[in-house]
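Below is one structure; the comments refer to it alone.
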Amino acid sequence: MRFSQTRGRIQGGAGFGLNYPNPFFDVAHTYLPTTVKQMFRWCRYYFLTNPLINTVVFKMSEYPVTDIIIDHPDKSVVKRWTEYFQDHLRYRAYQVESGLDYNTYGNCLSSIGYPFTKYLTCAGCKSTDTAERLRPHWQLVSYEFRLNCPKCGNTGPALAKDTYHRNASGIRMIRWNPEDVEITYNDITGEYSHFYTVPAPVRNDIVVGKKDVVEKVPQIFIQALKEQKGIIFSKQNLFHLRRPTLATQDRGWGIPLLLPVLKDVFYLQIMRKAQETILLEHALPLRVMFPQAGSGSSDPYTSVNLVEWREHVAAEVARWRQDPAYIPIMPLPIGHQVIGGDGRALMLTAEMQQHSETIVAGMGVPREFVYGGLTWTGSNVSLRMLENMFLGYILRQKAQARWVMQEVGAFLDWPIANIRFKPFKMADDLQRKAFNFQLNQSGKLSDTTLLADSDYSQDEENEIMKAETATRLEATKVQQIAMAEIQGEQQVIMAKYQVKAQQVTAQAQAAGVAPGEPGAQNDSTNSTGVLLDGPGAFPDGLSSPLGQGQKLAPGQAGGDLQAMAYMQAKSIATMPPDQQQMALQNLAAQSPELAELVQQALRSLGATGAKAAPQQAPAVDMRPMPEQRPPRRTLSAV
């Protein structure tokens, strides 16, 4: 008997309480599980009820999970396996679930469930059909199928057989509860044998003959229940993911992550019970009111009716609760006493917090991993230690993923590819990334390795950049075309207004005044009184093509110059001979080429007195520009 009247002492000692067999034992040690299955039940209980343990297990299971990468020369194979693992098997979610079993029980038992169809064969006519089609005609009695054959009408036992077929959509991943599995380990050969016991809920469904359950359960499970035996797992269809363990008698099982902290969780539970008692009994105070003597000689208990006094005080308290501003008037002073209300001083918050941190440390994770605040620079050692533990777990997960691919590929006759996970990193190491970038710039590190360090694919990035380049070029083309159209419109508008400016300048030059000055006029004349601009000088409303100080170069204006010379000749031909000669001289000074064309036009018109103006070669004036304007000459009437 572990419990006796001598509680809290070791054997041979005095006192009362628990009789410890060893001085190193304590109360929690007496409640430790004695078998592996009891340990699994305690681990499951604390995972479901303790928020601290639940958080640690979930973070340890979710954080190291990364995306799956399939490597194969054929892209169609890569696409098929990637879609199958992500969309059908939902392998990322399965990794998290298997991690929960791995960290809670220390073991994760996985199998692959292949699709099958259960067929029933009549013992009379030997006709065979699926159990689903024959559902109204069969029953399961004492683990045997009894069939009322719809063809021959025979009622009797039927032979059941499971036929497996290749169907990728029917394959499922199965996790077995370690509480329902037994392991035998051979210390000499190092071989494992796993035995499965059908749990009670499934056994009850089969016993009562639930047809939707019986049709989906393999026949070997029904046969095992009939013979009251366990089921031996096939070594090819079972993957045991176990945590490292000691070479003890339970070498077939991994050590749960919760086992070292079970006693500490027990102490924390005791603190919570004490905290609960404090909150229930000491949180709200009990206030007692009593009549108090006004002096040492007066005794209210002998001179006052205490029943009436109590009713009067209760009425006054009721009025005060209805109106907090109410002031009661009492005949005697009232005393009061507070009982309890000291729960804040009795709280065990600090002790519980310290014990919680001890539990987190006992599970092998830094406290910042649970409570937050973990940074790369601040806790480099803790992160490296945690990262190494995660890397070992990832290697086991990778082995399980490869096993799944090999078994499924062999069943479906699919080509086997290489499967791996994206590199796991605890945090973004900026110094390491900068160093890798320097190596890439110096030609010592490839672009593929540089992008892979940041979880990017070189092939995917190349495809994205090609698409972006085509889109960028198209956008640049549209932009340049729009800019060219805008520039063309600007040039047209500028040329239009430049022509108008030349016309105004020519008019002002012919008048001898600058444009806009007083005395400038639209119909300007030269010093000889010849009208060089306006309807009289250029018919059809044409104006002089020459601006102030502007000369036409040889060959300029082409056909337009000849038309202008012809119109100028028609205007000069109407002048007297002396004025014609003076107009030709002025025109030769401005444009010898235009003057020559005008003389030719005058000859063709048969004008008299038209003599060739002296041809003067244009000379380059090398004198510096004047700093002041020359004096203007006033206009005089001819």
I'd like the full set of residues that are loosely packed, with under 11 Cβ neighbours inside 10 Å and more than 20 Å from Asp299 (Cα to Cα), limited to the range 327-341. Ile327, Val338, Ile339
Say we look at the range 417-438 and pick out the residues that are farther than 25 Å from Gln86 by Cα and surrounded by 14 or more Cβ atoms within 10 Å (Cβ to Cβ); which of these is modelled with the lowest pLDDT? Asp429
Sole residue being over 43 Å from the mean Cα position of the chain (by Cα) and hydroxyl-bearing (Ser, Thr, Tyr), chosen from Ser234, Ser298: Ser298
Scanning the range 218-238 for residues that are surrounded by 12 or more Cβ atoms within 10 Å (Cβ to Cβ) and of a type in the set (A, V, I, L, M, F, W, C), the one farthest from Gln139 (Cα to Cα) turns out to be Leu238
Go through the residues of the range 142-152 one by one and say whether even a single one is part of a helix (DSSP H, G or I), among the hydroxyl-bearing types (Ser, Thr, Tyr) and more than 26 Å from Phe390 (Cα to Cα). no
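Per-residue answers, yes or no, for (1) modelled with pLDDT of 55 or more; (2) assigned to a helix (DSSP H, G or I); (3) within 19 Å of Ala506 (Cβ to Cβ):
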residue: Gln556; (1), (2), (3): no, no, yes
residue: Asp578; (1), (2), (3): yes, yes, no
residue: Thr608; (1), (2), (3): no, no, no
residue: Lys611; (1), (2), (3): no, no, no
residue: Gln615; (1), (2), (3): no, no, no
Among Val288, Val208, which is the only one that is in contact (Cβ under 8 Å) with a residue 12 or more places away in the chain and of a type outside the set (D, E, K, R)? Val288
Does the range 177-185 contain at least one residue that is modelled with pLDDT under 90, under 26 Å from Lys229 (Cα atoms) and over 47 Å from the mean Cα position of the chain (by Cα)? no
If Ser379 satisfies every condition in (1) at pLDDT 75 or above; (2) surrounded by 16 or more Cβ atoms within 10 Å (Cβ to Cβ) but one, which is the exception? (1)
Failed item in (1) farther than 22 Å from Ala399 by Cβ; (2) free of Cβ contacts under 8 Å to residues at least 12 places away in the same chain, with Ile231 passing the rest: (2)
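For every residue, the table says whether it meets (1) surrounded by 15 or more Cβ atoms within 10 Å (Cβ to Cβ); (2) among the small types (Gly, Ala, Ser); (3) outside any loop (DSSP other than H, G, I, E, B).
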{"residue": "Gly156", "(1), (2), (3)": "no, yes, yes"}
{"residue": "Ala160", "(1), (2), (3)": "yes, yes, yes"}
{"residue": "Asp187", "(1), (2), (3)": "no, no, no"}
{"residue": "Asn204", "(1), (2), (3)": "no, no, yes"}
{"residue": "Lys216", "(1), (2), (3)": "no, no, no"}
Those residues of the range 100-133 that are in contact with a strand residue (DSSP E or B) (Cβ under 9 Å, 6 or more places away or on another chain), over 30 Å from Glu144 (Cβ atoms) and in a loop (DSSP other than H, G, I, E, B) come to a total of 1
How many residues are without any contact (Cβ under 8 Å) to a residue 24 or more places away in the chain and under 30 Å from Gln400 (Cβ atoms) if we restrict to the range 241-281? 5
Please determine, by comparing only the residues of the range 189-202 that are at pLDDT below 90 and in a loop (DSSP other than H, G, I, E, B), which one is nearest to Ile174 (Cα to Cα). Glu191
Can you tell me which residue among Val181, Val198 is under 30 Å from Gly99 (Cβ atoms), in the same structural domain as Arg251 (by TED's automatic domain parsing) and free of Cβ contacts under 8 Å to residues at least 40 places away in the same chain? Val198
Among (1) assigned to a loop (DSSP other than H, G, I, E, B); (2) in contact (Cβ under 8 Å) with a residue 40 or more places away in the chain; (3) not β-branched (Val, Ile, Thr), where does Leu225 come up short? (1)
So Val96 clears everything in (1) of a type in the set (A, V, I, L, M); (2) touching an Asp or Glu at 6+ places or on another chain (Cβ under 7 Å); (3) part of a helix (DSSP H, G or I); (4) within 19 Å of Val408 (Cα to Cα) except one condition, right? Which one? (4)
Does the range 583-595 contain at least one residue that is part of a helix (DSSP H, G or I), over 22 Å from Ala506 (Cα atoms) and at pLDDT 80 or above? no
Pick out the one residue from Asp26, Asp74 that is acidic (Asp, Glu) and modelled with pLDDT under 85. Asp26
Restricting attention to the range 100-131, report how many residues are crowded, with 20+ Cβ neighbours inside 10 Å, over 30 Å from Asn54 (Cα atoms) and among the aliphatic types (A, V, I, L, M). 2
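The values are calculated or read from the model by the stated rules, or taken from the named source; none is laboratory data. Nothing here was measured: the structure is a model prediction, and the numbers come from that model. Neighbour counts run over all protein chains shown; Cβ positions are idealised from the backbone, glycine included.
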